[in-house]
Amino acid sequence: MTTASVSSATQSDVDNKPLTKNPHLTAWVEHMARMCQPDRVVWCDGSEAEKARLTEHAVSIGSLIPLDQAKLPGCYLHRSGANDVARVEHLTFICSPTKEDAGPTNNWMDPTEAYAKLRELYNGSMKGRTMYVVPYVMGPVDSPFAKIGIEITDSVYVALNMRIMTRMGQCALDRLGNSEDFNKGLHCTGDVNPERRYICHFPQDNTIWSFGSGYGGNALLGKKCLALRIASCLGRDEGWLAEHMLILGIESPEGEMTYVAAAFPSQCGKTNFAMMIPPKRFKGWKITTVGDDIAWLRVGDDGRLYAVNPEAGYFGVAPGTSYASNGTAMRTIQTDTLYTNVALTPDGDVWWEGKDGDIPAELTDWQGRPWHRGSMEKAAHPNARFTAPMVNNPALSKFADDPQGVPISAIIFGGRRADTIPLVLQSFNWTHGVFFGATMGSETTAAATGKVGVVRRDPFAMLPFCGYNMADYFRHWLSMQAKITFPPKIFLANWFRKDKNGKFLWPGFGENMRVLKWVVDRARLRVGGRETPLGWVPRPGDLDLSGLDLPTEKVEEVTQLTIEEWVRELESVGEFFASLGANVPRELHMQRELLLARLNLIRNAGPQYRTP
Ligand code: OXD
Ligand code: MN
């Protein structure tokens, strides 16, 4: 394979023998090693001893900085390149056989051209470096949902992150046996030059090639690349759904369990919602987390929709996370957590904007520069992250590792919208719910590079993550109805609506429990609502607002539907559908027309009817 110059490796970083006899796997790894020419190849077994070795090595090369081990045992800080801090959607490609397969919302590159272009970059790119072979399982190891990936990477930081985010090591090789059914992921950090950065997906080959970035979403190939982009294609072909959704359990004081899946675009508080602590009024109610970012949904033998979380850890946004906003996450990230691009205190603790307590006087900022209180610059990058094992989560669902997953009673689609979308709205049926998902919009955030704060359509929160033609994906969602005997009820939610002065109308965070309670009760057919031309909304009194200090006018404003806003919304949806081409399912066009026709009816009926 390689003529390993073991002498230049630290003791913790020497090549070892393949941990499998799987001929497909060993041949592929040899092939990739011939191309990338690493000095050494290290197969990862996922053991504790290996974790200690890799961590020691990462510290020795400066990739990880140890934090105060008494306060934050097993925690380290990583700083990424200043130009490598977020997903890069404009450099992310779906390299399917035809442009039509990728559809108008994805960047497409011809697969032959993409392989050739990247081969040139990979050639000799790991000289002087170590190639880690990281076998991993997405999903509980024994689950029929599970998929196996192998990530080849030259980044010890990536290998250590994958160890947290997935079931990594020998367990994956054992499950794979001699099968050739595994995702082939190749990641090379390169010189972290945005001019030579490509995140390429080849769904037809179950292959991902990522070059030139060490940032999570571009480099941890199990997450967005496999569990969403490639898996969405597998779901289309195999009859299931790979979704950008959290999964949570709601336990009533009587012990009744209900599971809800919810899709929100990046940085809309999915992790907070998945770990919500109910307010005092909801004494005895418990929220448990199954997953905070991705759900794989399949129809069970009993005709219900079941969800598993394919991940084993959380790659969450640090800024804004505090004991006040998400105490569960704060407790989760005190041990065995890798922090990326947060600020460092003089005594080895971490800090970010929005953390509890006083702002420290002196810090080292996310780029390693001295920072003083009052500085105009952020100390932590707005997209700074923590990578933490889900087993640290004190509210982890006892079914988070269940091979069959959990039965979903309700699906919530949410976005960050200053106007138009009310606090909560229930769809009339599955097709109308799919319309909600297909037309979701949200203001952009720092999770991806580009302008922040503009509304963009983000269907199912999957715009950056759907691995095939969006119109076909809508059709796939519509077609799922025929397979589900007991479909979940579908809702639209918006915690981010603002008043005329730009102030948020709804307190959000734990208070979202009040909305969740209505959702659960609607799904279980035991609470009322008002039928409007746009869907069902809670009537005054249907939402439990006891103990909430919120003036009635604000409650009215946040739950309001306004004809003019919705007419504009539906017109903009029409433009969005047109941008997707002729392939958008007819059912969705008809939903739009029906809603618009109902609104126009009211609009033309006279002022006394102007409330939808
Ligand atoms: C994420 C994202 O990192 O959606 O989860 O950007
Ligand atoms: Mn996400």
Exactly one of 333, 359 is outside the structural domain of residue 247 (by TED's automatic domain parsing) and touching a strand residue (DSSP E or B) at 6+ places or on another chain (Cβ under 6 Å), and that residue is 333
Over segment 415-425, the set of residues under 13 Å from residue 530 (Cβ atoms) and open to solvent by 10 Å² or more (accessible area, probe 1.4 Å) is none
Are any residues in segment 179-212 over 14 Å from residue 95 (Cβ atoms), open to solvent by 10 Å² or more (accessible area, probe 1.4 Å) and of a type outside the set (Val, Ile, Thr), and if so, which ones? 179, 180, 181, 190, 191, 193, 194, 195, 196
Of (1) more than 16 Å from ligand 1 (Cβ to nearest atom); (2) at pLDDT below 95, residue 206 satisfies all except one. Which? (2)
Exactly one of these conditions fails for residue 360: (1) over 22 Å from the mean Cα position of the chain (by Cα); (2) under 20 Å from residue 216 (Cα atoms). Give me its number. (2)
Residue under evaluation residue 405, criteria (1) without any contact (Cβ under 8 Å) to a residue 40 or more places away in the chain; (2) touching a Lys or Arg at 6+ places or on another chain (Cβ under 9 Å); (3) not hydroxyl-bearing (Ser, Thr, Tyr), criterion not met: (1)
Is it the case that residue 375 is in a loop (DSSP other than H, G, I, E, B), among the hydroxyl-bearing types (Ser, Thr, Tyr) and open to solvent by 20 Å² or more (accessible area, probe 1.4 Å)? yes
Can you find, within segment 132-144, the residue that is nearest to residue 58 (Cα to Cα) among those that are of a type outside the set (D, E, K, R) and open to solvent by 10 Å² or more (accessible area, probe 1.4 Å)? 141
For residues that are assigned to a helix (DSSP H, G or I) and open to solvent by 90 Å² or more (accessible area, probe 1.4 Å), scanning just segment 595-612, find the one that is nearest to residue 472 (Cα to Cα). 601
Quick one: how many residues across segment 266-276 are within 12 Å of ligand 1 (Cβ to nearest atom), open to solvent by less than 10 Å² (accessible area, probe 1.4 Å) and touching a residue at least 60 places away in the same chain (Cβ under 8 Å)? 1
In this structure, does residue 335 turn out to be assigned to a helix (DSSP H, G or I) and in contact with a Pro (Cβ under 7 Å, 6 or more places away or on another chain)? no
Within segment 575-589, track down each residue that is out of contact with any helix residue (DSSP H, G or I) (no Cβ under 9 Å at 6 or more places or on another chain) and closer than 18 Å to residue 472 by Cβ. 578, 579, 586
Here's a check for you: in segment 300-318, which residue that is of a type outside the set (Gly, Ala, Ser) and more than 12 Å from ligand 1 (Cβ to nearest atom) is surrounded by the fewest Cβ atoms within 10 Å (Cβ to Cβ)? 301
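Conditions (1) out of contact with any strand residue (DSSP E or B) (no Cβ under 7 Å at 6 or more places or on another chain); (2) at positive phi; (3) among the hydroxyl-bearing types (Ser, Thr, Tyr); (4) buried (at least 24 other Cβ atoms within 10 Å of the Cβ), marked per residue:
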site: 238; (1), (2), (3), (4): yes, no, no, no
site: 251; (1), (2), (3), (4): no, no, no, no
site: 264; (1), (2), (3), (4): no, no, no, yes
site: 279; (1), (2), (3), (4): yes, no, no, no
site: 284; (1), (2), (3), (4): yes, yes, no, no
site: 291; (1), (2), (3), (4): no, no, no, yes
site: 295; (1), (2), (3), (4): no, no, no, yes
site: 298; (1), (2), (3), (4): no, no, no, no
Residues of segment 90-114 classified as in contact (Cβ under 8 Å) with a residue 24 or more places away in the chain and surrounded by fewer than 17 Cβ atoms within 10 Å (Cβ to Cβ), total: 4
Scan the strands (runs of 3 or more DSSP E) fully inside segment 57-147 and keep the ones with 1 or more residues being not assigned by TED's automatic domain parsing to the domain that holds residue 187. 76-78
For a quick check of your reading: which strands (runs of 3 or more DSSP E) sit entirely within segment 384-487 and have at least 3 residues that are assigned by TED's automatic domain parsing to the domain that holds residue 543, in contact with a Phe, Trp or Tyr (Cβ under 7 Å, 6 or more places away or on another chain) and not small (Gly, Ala, Ser)? 406-414, 424-426
Give, as residue ranges, the strands (runs of 3 or more DSSP E) completely inside segment 193-303 that count at least 2 residues that are closer than 27 Å to residue 159 by Cα and within 16 Å of ligand 2 (Cβ to nearest atom). 241-243, 245-251, 286-291, 295-299
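The values are calculated or read from the model by the stated rules, or taken from the named source; none is laboratory data. All values reported here derive from a predicted model rather than from experimental measurement. Glycine also receives a Cβ, built like all others from the backbone with ideal geometry; neighbour counts cover every protein chain displayed. Note: areas computed on protein heavy atoms with side chains; ligands, DNA, RNA excluded. Shrake-Rupley method; radii C 1.70, N 1.55, O 1.52, S 1.80 Å.
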